[in-house]
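Next up is a structure, given as structure tokens.
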Amino acid sequence: MCCHAMTRILPFLLSLGAACVILLSLVELEGARSDVQIRDMVFGQTPVTEYLGEGAGQLVVVSHGFAGSRQMMEGIALSIARAGHSVYVFDYLGHGRHPDALSPDITTVTGTTEDLVQQTLDVVREAQARSGDDRVALVGHSMATDVIIRAAERLNDVNVVIAISMYSEAVTPTHPKRLLVLSGAQETRLREVAMSTLNQVREASEGVTVQRDQVMRRAAVAPYVGHVGVLWSPVTSQESVDWLGGKREWFEGEIAPAVTGPWIAGLLAGVFSLFWPLLRLLPKARARKAPSSLRRAVLSVLIPVPFAILASCIDLPLLGLSGFGALFLFFAVWGSVGLIVLGWRPVIEARQTVLSVLLLLIWGLGAFALALDTYGAAFLPIGPRLTLMLALIPAMLVFALSDRASVDGRHWLMRLALRIPVVLALFGAMLLNVADIGMLFTVLPVFVLFLAVYGTMAHWAAQRAGPLGPALASGIILAWSIAASTPLFATA
């Protein structure tokens with residue numbers, strides 16, 4: 001009786017806890033935006049978000065790193081705007097909501113880098129015209145650090161450069177004149193790069209500001225975080241605002257940096273956790289087919305390896321975008337060979353299948369993906385990305401069916417082990433074909449995160465409603481995830 005009561009009350013308690021976390025996270029995230037005017041706009045073809053604080057600060061243009069987006073820079077933008085500055089954050093070519101792809105000429109400074117420099121200059125000039133402020137500070141992360149340092153050479157009014165996770169060969173002993181370099185504590189190599197730029201001016205250590213004539217530099221470290229987490233560290237925001245200067249209240253402790261990272265994590269964790277009790281809405285499958293033998297499951301993830309890697313070397317044109325044709329063939333061949341080895345014939349129960357597909361799509365894309373896109377990183381396939389998603393769906397469906405058939409009904413350790421070969425094979429395909437599928441290397445972490453988050457949600461749904469519906473939904477979600485988050489390169 002006690003166990004039966006706990007079985008009934010546990011979903012309610014989990015639902016209540018997850019809902020409270022979601023509500024609290026939304027209150028905190030919206031509260032961080034409350035004293036800043038935020039408006040989306042377009043400069044030419046470039047999507048831009050304007051953050052206006054109260055004060056007579058200066059113009060600040062913020063740019064993201066490779067595979068990033070405006071959303072990823074919002075914590076920093078909010079903190080700077082709250083200190084009284086006017087902030088403009090934009091999506092680079094091939095990123096976020098930008099409709100145009102990147103040039104594939106990534107090996108020369110006059111190629112892709114020059115395109116991004118020109119785009120940055122265009123955004124700065126438009127922002128200057130809108131704000132009426134000639135002075136401008138440039139803030140960039142990772143890839144953008146090299147871009148903004150090169151852009152600053154061509155602008156007469158740049159008085160501050162803030163480079164987060166910096167690497168650039170354009171830094172000299174006299175350029176940029178006022179440079180702050182921020183790194184995450186776990187970015188050992190980039191911390192060394194930061195110190196080398198400091199030592200161009202004077203021997204120093206992290207956390208110390210050095211100056212020679214008109215050149216001033218500082219290297220600071222955000223504790224505990226790495227290449228991505230540095231963007232949401234309060235230390236990053238605090239150091240940036242201190243370097244820029246701002247309201248007196250900031251320095252007196254009355255205005256704090258916008259802390260959004262933990263609340264974004266809380267919101268996503270809450271949405272993810274709430275899916276489990278929601279599964280009670282699904283009807284239970286009447287008949288469950290026994291999983292395939294472990295031997296056959298292992299063969300289904302080993303035999304496809306050489307075929308999928310070879311397929312990814314075929315030059316398949318796909319929407320004029322580089323790498324996605326190879327990616328399509330990799331997953332299509334992997335799934336096809338896996339299904340042949342498994343000889344999988346799913347039990348089809350129409351009601352359970354349709355409802356499980358709908359629940360996974362509504363919650364996984366309508367709730368989780370929307371929350372991520374709103375507060376964390378671009379995750380909606382809009383414009384050419386929507387067309388790309390539709391083109392990828394057939395291959396991802398075949399893969400998802402094979403994947404679900406091999407892992408269905410198995411212990412989580414075995415599910416993990418059965419997915420290692422596809423991750424390693426995808427990595428190997430990228431190494432062998434660097435000029436094509438290798439340019440899409442950010443697909444790899446996206447794929448791993450997909451397996452961890454959406455793969456777990458699909459497993460929960462399959463336990464109740466059978467594997468077919470969750471497999472179909474997983475294929476659509478995988479196509480969505482890759483199309484929405486991967487940088488787009490035009491074919492050569």
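FYI, it's all coordinate maths here, none of it is from the lab. Computed from a prediction, not measured in an experiment: that's the story for all the values here. When we count neighbours, we look across all protein chains shown, and the Cβ atoms used for this are built from the backbone with ideal geometry, even at glycine.
Would you mind checking which residues have amide H under 5 Å from Ala222's amide H? H placed 1.01 Å from N; only 5 or more apart, or other chain.
Amide H neighbours of Ala222: Ser183, Gly184, Ala185.
Around Glu54, which amide H atoms from residues at least 5 apart in sequence, or from another chain, sit under 5 Å from its own amide H, with H modelled in the peptide plane?
Gly84
Next question. Taking only DSSP H segments of four or more residues, each worth -39500 (n - 2.57), what value at 222 nm results for the chain once the sum is divided by all its residues, to the nearest 500 deg cm²/dmol?
-17000 deg cm²/dmol
Across every pair of different alpha-carbon atoms, what Kirkwood hydrodynamic radius in Å does the stretch 35-259 reach?
17.3
If I model a spin label at Arg130 and Thr387 as a point 7 Å from the Cα along the Cα→Cβ vector, what separation in nanometres do I get?
For Arg130 paired with Thr387, the spin-label model returns 2.7 nm.
Could you tell me, in Å, what Rg and Dmax come out for the Cα atoms of the stretch 413-454?
Values for the stretch 413-454 (Cα only, Rg and Dmax): 11.1, 35 Å.
If you don't mind, another one. Taking θ as phi - 60°, what are the ³J(HN,Hα) couplings along the stretch 138-146 by the Karplus curve (6.51, -1.76, 1.60), each to the nearest whole Hz, with x for Gly and Pro?
Those phi angles translate into 10, 10, x, 10, 6, 3, 5, 5, 5 Hz.
Give me the percent relative contact order of the chain, please, defined on Cα pairs under 8 angstrom at least 6 residues apart.
Computed over the chain, the figure is 17 percent.
Once the mean 1/r over all distinct Cα pairs of the stretch 1-94 is inverted, what Kirkwood radius in angstroms do you read off?
When all Cα pairs of the stretch 1-94 are included, the Kirkwood radius is 15.8 Å.
Also, quick follow-up: Treating the beta-carbon of each Lys and Arg as +1 and of each Asp and Glu as -1, no other charges, what is the dipole magnitude of the stretch 148-241 about its Cα centre, to the nearest 20 debye?
My answer is approximately 120 debye.
Could you work out how far apart the two model spin labels at Glu249 and Ser196 are, taking each label as a point 7 Å from the Cα in the direction of the beta carbon, and quote it in nm?
4.3
Less than 18 Å from a label point 7 Å out along the Cα-to-Cβ axis of Asp213: which backbone N atoms in the stretch 171-196 qualify, by residue?
The answer is 171-179, whose backbone nitrogens lie closer than 18 Å to the label point.
Go through the stretch 93-102 residue by residue and turn each phi into a ³J(HN,Hα) via Karplus (6.51, -1.76, 1.60, θ = phi - 60°); whole Hz please, and just put x for glycine and proline.
3, x, 10, x, 9, 5, x, 9, 8, 6
Compute the long axis of helix 412-432 from its Cα atoms, compare it with the longest principal axis of the Cα atoms of the chain, and write down the angle in degrees, 0 to 90, nearest 10.
Around 60 degrees separate the two axes.
Also: Given labels modelled 7 Å from the Cα in the Cβ direction, how far is it in nm from Leu294 to Thr442?
4.0
Long-range amide H contacts for Arg178: which residues qualify at under 5 Å (H placed 1.01 Å from N, peptide plane, sequence gap of 5 or more or a different chain)?
Under 5 Å from the amide H of Arg178 lie the amide H atoms of Val161, Met216, each far enough along the sequence or on another chain.
Match the structure shown to one of the listed values (1) 3, 13, 14, 9, 9, 12, 16, 13, 8, 3, 1, 0, 0; (2) 4, 13, 16, 15, 13, 11, 9, 7, 5, 4, 2, 1, 1, 0; (3) 4, 18, 26, 24, 16, 9, 3, 0 of P(r) over Cα pairs in 10 Å bins from 0, in percent, computed from it, and give that label.
Structure-derived value, by its label: (3).
Right, next: Would you mind checking the tilt of helix 443-465 against the longest principal axis of the Cα atoms of the chain, expressed as 0 to 90 degrees and rounded to 10?
The answer is roughly 40 degrees.
Continuing with the same structure: Apply 1/(1 + (r/R0)^6) to the Cβ-Cβ distance of Tyr224 and Leu121, taking R0 = 25 Å, and write down the FRET efficiency to the nearest 0.05.
Once the sixth-power term is evaluated, E becomes 0.10.
Pull out the extension gain between Thr172 and Gln463, defined as 0.36 nm times the separation in residues minus the alpha carbon to alpha carbon distance; nm, one decimal.
Stretched fully, the Thr172-Gln463 segment lengthens by 98.8 nm.
Right, another one. Take the alpha carbon gyration tensor of the stretch 264-485, find the square roots of its eigenvalues, order them as a ≥ b ≥ c, and report rounded if a/c is under 1.5; if not, report prolate when a/b exceeds b/c, else oblate.
Cα axes put the stretch 264-485 in the oblate bin.
On C-alpha positions alone, give me the angle between the axis of helix 2-33 and the longest principal axis of the chain, in degrees, nearest 10.
20
Still on this structure: Could you give each residue of the stretch 348-364 its phi-based ³J(HN,Hα) in whole Hz, using Karplus coefficients 6.51, -1.76, 1.60 with θ = phi - 60°, and x for Gly or Pro?
Couplings: 9, 10, 4, 5, 4, 5, 5, 5, 5, 4, 4, 5, 5, 6, 5, 7, x Hz.
Suppose R0 equals 51 Å; then what is the FRET efficiency for Asp40 and Leu302 from their Cβ-Cβ distance, rounded to the nearest 0.05?
0.60
Principal axes first, then extents: for the Cα atoms of the stretch 40-115, list largest minus smallest coordinate on each axis, whole Å, largest first.
That gives 42, 22, 20 Å along the principal axes, largest extent first.
Considering only the chain, what is the antiparallel percent among its DSSP beta bridges, to the nearest 5?
Percent antiparallel among DSSP bridges in the chain is about 40.
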